[in-house]
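What follows is a structure written as structure tokens; I'll ask about it next.
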Amino acid sequence: MLSFSACEKEEITPSALFTASSTNVKVLENITFTNLSTNASSYQWSFGDGTTSAASSPTHSYSKTGTYTVQLKAFSASGKKMSETSISINVTEIGGNAIFWMSSGDYYVTVTLSNGAQGTITKNFSAIPSCGTTGGANFSDLTPGVYGYYATDGNAYWNSTITIKSNTCSRMQLLYSSSAPEKVKGEQILKQKE
């Protein structure tokens, strides 16, 4: 009598691998994770903020700043074999924007912030401009905080501070001093507009 026995083929261990669209992002910025794992049929993601996913290639965003460890576990068809890998994601605050502007006078005024960024006012405005408006000295994606500034047109100068808030447009109007006809020192409006 002949008997046959079936040989079980040994299951191959998966190899977990993935990439992230970015490892340095702002709060609420979407990150796409591309799964490059091999020999796997199911996945378990942990994003380091208490949330998970079983999708093959998920998208995720973070609501708070910090450094998060993203972990991918790749499982074989039987679930008996597993491989894992992880990367770190650095999440920072959404930057703020600023515009310096003038309504009269010589309007080629160079503005320098305490972080070294520079912009130039190239026209006068009849109404308060929005951040990004051409002709104003625009600054974008600034880390929230207080910045010193110095502005000059070659004759007059202004220096003070401006407060930048996350995801906000801060506006600063520069005025010529009415008591200084030689334009020795300018003034800025007392109340910063956001």
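The values are calculated or read from the model by the stated rules, or taken from the named source; none is laboratory data. Predicted model only: the values in this text are computed from it and were never measured. Reconstructed Cβ throughout: ideal geometry from the backbone, glycine too, with neighbour counts over all protein chains shown. Keep in mind that these areas ignore ligands, DNA and RNA; they rest on the heavy atoms of the full protein, side chains included. Shrake-Rupley method; radii C 1.70, N 1.55, O 1.52, S 1.80 Å.
Provide a single number: the residues in the stretch 16-48 that are of a type in the set (Asp, Glu) and either closer than 19 Å to Ala77 by Cβ or crowded, with 17+ Cβ neighbours inside 10 Å (or both).
Our first condition is that a residue be of a type in the set (Asp, Glu); within the stretch 16-48, this holds for 29.
Now drop any that are not either closer than 19 Å to Ala77 by Cβ or crowded, with 17+ Cβ neighbours inside 10 Å (or both), which leaves none.
Looking only at that region, the number is 0.
Does Ser78 meet the test of being part of a loop (DSSP other than H, G, I, E, B), open to solvent by 60 Å² or more (accessible area, probe 1.4 Å), without any contact (Cβ under 8 Å) to a residue 40 or more places away in the chain and of a type outside the set (Val, Ile, Thr)?
In short, no.
Open to solvent by 50 Å² or more (accessible area, probe 1.4 Å), out of contact with any helix residue (DSSP H, G or I) (no Cβ under 7 Å at 6 or more places or on another chain), of a type outside the set (Asp, Glu) and without any contact (Cβ under 8 Å) to a residue 60 or more places away in the chain, is that true of Ser114?
Working: open to solvent by 50 Å² or more (accessible area, probe 1.4 Å): yes; out of contact with any helix residue (DSSP H, G or I) (no Cβ under 7 Å at 6 or more places or on another chain): yes; of a type outside the set (Asp, Glu): yes; without any contact (Cβ under 8 Å) to a residue 60 or more places away in the chain: yes.
So Ser114 fits the description; yes.
Conditions tested, residue by residue: (1) part of a loop (DSSP other than H, G, I, E, B); (2) open to solvent by 20 Å² or more (accessible area, probe 1.4 Å); (3) over 30 Å from Asn39 (Cα atoms); (4) of a type outside the set (S, T, N, Q).
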site	(1), (2), (3), (4)
Thr69	no, yes, no, no
Ile128	yes, yes, yes, yes
Gly132	yes, yes, yes, yes
Asp141	no, yes, yes, yes
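Yes/no matrix, rows are residues, columns are (1) in contact with a Gly (Cβ under 7 Å, 6 or more places away or on another chain); (2) among the hydrophobic types (A, V, I, L, M, F, W, C):
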site	(1), (2)
Tyr43	no, no
Thr59	no, no
Thr65	no, no
Val70	yes, yes
Asn90	no, no
Ile94	no, yes
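Taking the stretch 5-62 on its own, how many of its residues are of a type in the set (A, V, I, L, M) and within 15 Å of Val91 (Cβ to Cβ)?
5
Give me the pairs, please: first residue somewhere in the stretch 15-37 and on the phi > 0 side of the Ramachandran plot and in contact (Cβ under 8 Å) with a residue 40 or more places away in the chain, second residue anywhere and open to solvent by 60 Å² or more (accessible area, probe 1.4 Å) and part of a loop (DSSP other than H, G, I, E, B), beta-carbon distance under 7 Å, and either six or more positions apart or on two chains.
Pairs that qualify, where the first residue is on the phi > 0 side of the Ramachandran plot and in contact (Cβ under 8 Å) with a residue 40 or more places away in the chain and the partner is open to solvent by 60 Å² or more (accessible area, probe 1.4 Å) and part of a loop (DSSP other than H, G, I, E, B), are Leu28/Ser63.
Looking at Thr112, Thr143, Thr133, can you tell me which residue is under 26 Å from the mean Cα position of the chain (by Cα), at pLDDT below 95 and under 30 Å from Thr65 (Cβ atoms)?
It is Thr143.
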